[in-house]
Amino acid sequence: MKKTILVVDDSFIDRRIIIALLGNQYDYIEAQTGHEAISILEKRHREISLVLIDLVIEDVEELAVLKWLKRQPWSHNMPTIAMASNGCDPLRLESAYMLGVNDYLTRPFAVHSVRQRVYNTLNLTHKASHDALTDLYNRDAVEQYVERSLNLNTHIEYAMVMLDIDHFKEINDSRGHAFGDTTLVNLATRMRALLGPNDVAARIGGDEFIIFMPVEDELDHIAKRLQDQLKWNQDGTEIHCSLGIASSKESRVYKGMLQCADRALYIAKGNGRNQYAVYGTQNKSVEEKNNLTEDDMHGLGNMMVLNEQTLPFIHRVTDSMPGGFVIYQKDANLTLIHVNEVAISMYGCETEQEFRKFTENSFEGMVLPADLPQVQQAISLQINGRNKNFDTVEFRIRRKDGDLRWVENHGRLIHTSTYGDVFYVFIKDITEAVEQRLQQTAGTFIPMQEVKKPRILLAASEVEHREALASILSGPYEIVETDGIDATVDCLVNGKQQLDMILLDVEMSGNVGMDILQRLKAFDLTDKLPVMLVFGENTSTDMAKAFSLGAVDYVSRPYDMDVVRQRIKNALELYKRQSEMAHKLEQQTFNIQNLDQIVGMLSHIMEYRSGGSGRRISQIKMVTMLLLQRLLLADTSYKISNEEAELIALASTIHDIGNLMVPERYLNKPWNLSEEEAELVKTHTVQGAKLLSSLPHFDNERLTAIAWSICQWHHERWDGSGYPDHLQGDSIPIAAQIVGLADAYCALTGDKAYRSAISHSKAIEMIVAGECGAFNPVLIECLRDCETEMARMMPDA
Amino acid sequence: MNRFKLHSAGVNVNSALARLGNDKAMYEGLLRDFIRDDHFVKLCEAVAAKDVNEAFSNAHALKGVAGNLSFDRLSALIGPVVEKLRTKDAGIMDEVAEDMVAVKAAYEQIIAAIG
């Protein structure tokens, strides 16, 4: 279906030209004036994919369209391209950009560049805001849409529906992914058919959808209608959904509404699925897997869920810690769910409402996402280590409206559940009393790197210029000022503090700004340090030259506060991302190329030291891999990604690295050890983990996190009779369970100095009989299933 | 489309076609549309009425079109007129009126060449 472009230009011939150039791959609507354009957009914005608008110097009307557009909730999805003449006033273009124009074309037009630009903008905007499979809004787009609707149309009540397909995973597994995809597409089609012109639908997760609409009926009726209609029989399989609905009366913030709808969905699922629930009318209790008592705080089970029963408990915990508040994270969404009185006043607020407003949208980017290695490790230690370790998270909260205010805070992760929900409890000041309380309930914590304000060097001769810029920027940035070449060079060369950006006034000290830039480039400094140029009103500078010398962007007088802030922010982001990527690339290259070899060498050295032949390590790795394969096929309650499986197999080769700390003679003669000496050998578990934790990249590598848990716990046993921590059942990380079993198995089937190898079938019998300790029945099944393969790969001696 | 005539009228047909994807039919269509365009007429009226603003906006628009359609001679002549009018100085209108003589000639040549 052809896309429609709205062409706004008061010149008939100009409209003819651009339309002729773009050709008949699009349909066109023409408007002669800004007012006409606005009234067309008001009625028909759903049909229109792009607005092409002329930027005429004198006529203010065209900008009026852009200003109007900005205030419409749907406008972030409406791309606009300006048409400008060659030699058009850059300030005019600036204004257009600030009003949200995506791109511009200059006359005289050339056919291919015009067509490509239009195509690019259309497709990029669409792709960036829509889910590829279902062509519904994606998560970002719907969030923006919802926020804007709530903020711009404050008198309208909206409803948010969250729904997902019941048993989608099973459907995918049993009928295949193609079938699953078709289901999603069908659902999207049905949703579109049910929605009115003011409703939007989005796909925000694998099989999770949101519908957002103005409320025109009872929530109950809306939900019922949707839930009734969104079920069908697809090729022999019954498809139906669970659905939660919440009103904007509960919250006029996207995240708030989302959380409410999500809670309602949770209730619907808890009550048996294939139904809907309205937030605020929960009248049935949710099934729990564990009952929670205060005593459990120390040893929080890994099955805790956030619901009406557990919430008061969380409240009690937080209330006992000054300045505490709780953020609830599900997937990538963060919601504030509780704040205690002290915290409210500590942040300079008077009520919880105000606090919510103050911290609205603040937590993004401030709280580490749950998949960062540090947090993952803390999480796995939490689950398996019985709350022995916390992570301290330091971040800033920024006031959303008005001035920027930076408040530092320390956060403690106190709990997570296997459903991926994460609670953070943030405590403002760690006083001794708080510290003690935390120590009582948990052990040590791992401090994290400090987050600093970016530091900007402001190099300009005139004091007013410096002051103006400093006042715009000094909130979120630390400003260092210099007023001449010497001072600037001195700061760059000899300065102790690290700089994140230079704001360089081109006119400084008689126009030497460009010379300085040249010197920076000569020393290759512009690669790592963004240089932002500052131009005066009358500077006639060779922009091309400036950019070729490595300047990243510019701001010019008179300053526009927003433009300056935004440009600086963008430039810093860009550089930060580039250096992060370079760093990651470095690390990855290191990983992929060297890790395998290094690990291989290490493990052979270790085995040699213990009197082995090197074969044992490869066998353990092989058995680990076989067990993993079987497990991934058989039991889906263990969530292991392919990448993790590879890492586990690799890490299995160094599970006994702790042996390096054990005297050689003990390793070679295990039958001749006293009880003390045997205990010493057992410490290879803890020693190995300790060695790994001392590695320089420990915090950053998933491999070392997995290897750590394998080293520490591969001698734990299913019934709790293992060592060193007497973990039991599935509180032993699955990676350690697998390697533990592989280790025991290979010990039996390998040659020893005191006995010859045992056959595969006998070894399995022995393990089943419990002669090597108790193992996870599921894993034992997997081991059995692998018998023939193992016999084939490692023939009996 | 009579290339020779257009060329004599200061229209760079080759350059226009190169920019417009070598689509002769499209270009011819646009030339015919140009005949219906009223910016020139409005410009003359504005100059006669000494309305600087109106004159400027029409001259500017005309310049843009001339650029797009490669009316090189007309472009060259109207350029300075646009700059003079940009000053918004009503006093300049007499000079502009003089310049308009050549502009008018060029414009009429083009119209005739389009035929």
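Since every read-out is calculated from the coordinates, none of them should be taken as a lab result. All of these numbers come straight from a predicted model, not from anything done at the bench. Cβ placement follows ideal geometry from the backbone for every residue including glycine, while neighbour counts extend to all protein chains displayed.
Computed from point charges on the beta carbon alone (+1 for Lys and Arg, -1 for Asp and Glu), the dipole magnitude for the stretch A:662-793 about its Cα centre is near 340 Debye. Charge tally for residue A:507 (other residues, Cβ to Cβ under 13 Å; Lys, Arg +1; Asp, Glu -1): -4. Available extension along the chain between residue A:543 and residue A:769 is 73.4 nm, counting 0.36 nm per residue and deducting the alpha carbon span. Given axes a ≥ b ≥ c from the Cα gyration tensor, I'd like to know whether chain B is rounded (a/c under 1.5), prolate (a/b larger than b/c) or oblate. Cα axes put chain B in the prolate bin. About its Cα centre, chain B has a charge dipole of approximately 420 debye under the convention of +1 per Lys or Arg Cβ and -1 per Asp or Glu Cβ, with nothing else charged. Using only side-chain charges placed at the Cβ, +1 for Lys and Arg and -1 for Asp and Glu, the dipole size of the stretch A:127-175 relative to its Cα centre rounds to 160 debye.
Shielding of peptide A:75-88 by partners, expressed as the average count of other chain Cβ atoms within 10 Å per residue Cβ, is 1. Model label points for residue A:471 and residue A:135, set 7 angstrom from Cα along the Cα-to-Cβ axis, are 5.3 nm apart. The alpha-carbon atoms of the stretch A:184-236 define a convex hull whose volume equals 84 cubic angstrom per residue.
How high is the FRET efficiency from residue A:676 to residue A:633, r the C-beta distance, R0 41 Å, rounded to 0.05? Efficiency, from the Cβ-Cβ distance: 0.40. When the Cα gyration tensor is reduced to axis lengths a ≥ b ≥ c, the ratio a/c is 1.5 or higher for the stretch A:74-229, and with a/b not above b/c it is classed as oblate.
For chain B, the relative contact order is 35 percent, taking Cα pairs closer than 8 Å that sit 6 or more residues apart in sequence and dividing their mean separation by the residue count. Karplus-based coupling profile of the stretch A:86-100, in residue order and whole Hz: 4, x, 5, 4, x, 5, 5, 5, 3, 4, 5, 4, 5, 8, x, with θ = phi - 60° in 6.51 cos²θ - 1.76 cosθ + 1.60 and x standing for Gly or Pro. Once Lys and Arg get +1 and Asp and Glu get -1 on their Cβ, which of A:119, A:63, A:98 lies farthest toward the positive end of the dipole of the stretch A:1-126? Value computed over the given set: A:119.
Fully extending the segment from residue A:157 to residue A:189 would add 9.0 nm, taking 0.36 nm per residue of separation and subtracting the current Cα-Cα distance.
The calculated FRET efficiency for residue A:25 paired with residue A:615, based on their beta-carbon distance and R0 = 45 Å, is about 0.10. What residues of the stretch B:62-106 lie in the reach of a label at residue B:7, counting those whose backbone N is under 16 Å from a point 7 Å from the Cα along Cα→Cβ? What the label zone holds, given the 16 Å backbone N cut-off, is B:71-73. Each residue of the stretch A:142-156 was assigned a 3J(HN,Hα) from its phi angle through the Karplus curve 6.51 cos²θ - 1.76 cosθ + 1.60 (θ = phi - 60°); the sequence is 5, 4, 4, 4, 5, 4, 5, 4, 5, 7, 8, 10, 5, 8, 9 Hz, with glycine and proline shown as x. For chain B, the longest principal axis of the alpha carbon atoms and the long axis of helix B:39-48 meet at an angle near 20°. Take the Cα of residue A:237, go 7 Å toward its beta carbon, and the backbone nitrogen atoms of the stretch A:182-201 under 13 Å from that spot belong to A:182-187. Across the stretch B:16-62, the relative contact order, built from alpha-carbon pairs under 8 Å that are at least six residues apart, equals 29 percent. Considering only the other residues whose Cβ falls under 13 Å of the Cβ of residue B:27, what net charge follows from Lys and Arg at +1 and Asp and Glu at -1? Taking every other residue near residue B:27 into account, the sum is +2. A simple packing score, the average count of other Cβ atoms within 10 Å per residue, orders the peptides A:164-173, A:8-17, A:40-49 as A:8-17, A:164-173, A:40-49, with the highest score first. By other beta-carbon atoms within 10 Å, ranking A:489, B:101 with the fewest at the front produces B:101, A:489. With 5 Å bins beginning at zero, the pair-distance distribution over Cα atoms of the stretch A:43-117 amounts to 3, 15, 28, 25, 17, 10, 2 %. Of A:3/A:255; A:528/A:569; B:84/B:104, which ones are farther than 21 Å apart at the Cα? In this structure, A:3/A:255 lie more than 21 Å apart at Cα. For the pair residue A:665 and residue A:726, the difference between a 0.36 nm per residue extended length and the Cα-Cα distance amounts to 19.3 nm.
Percent of C-alpha pairs per 10 Å bin in the stretch A:461-521, short distances first: 20, 56, 24, 0.
Over 5 Å intervals from 0, what percent of Cα-Cα pairs in the stretch A:104-171 sits in each interval? P(r) over the stretch A:104-171, rounded to whole percents: 3, 13, 13, 14, 14, 14, 11, 9, 5, 4, 1, 0.
Legend: calculated FRET efficiency, residue A:527 to residue B:83, from the Cβ-Cβ distance at R0 = 41 Å, rounded to 0.05, equals 0.45. Each Lys or Arg adds one and each Asp or Glu subtracts one; over the other residues with Cβ under 12 Å from the Cβ of residue A:274, this totals -1. Counting Cβ atoms of other protein chains within 10 Å of each residue's Cβ and taking the mean over peptide B:35-43 gives 2.
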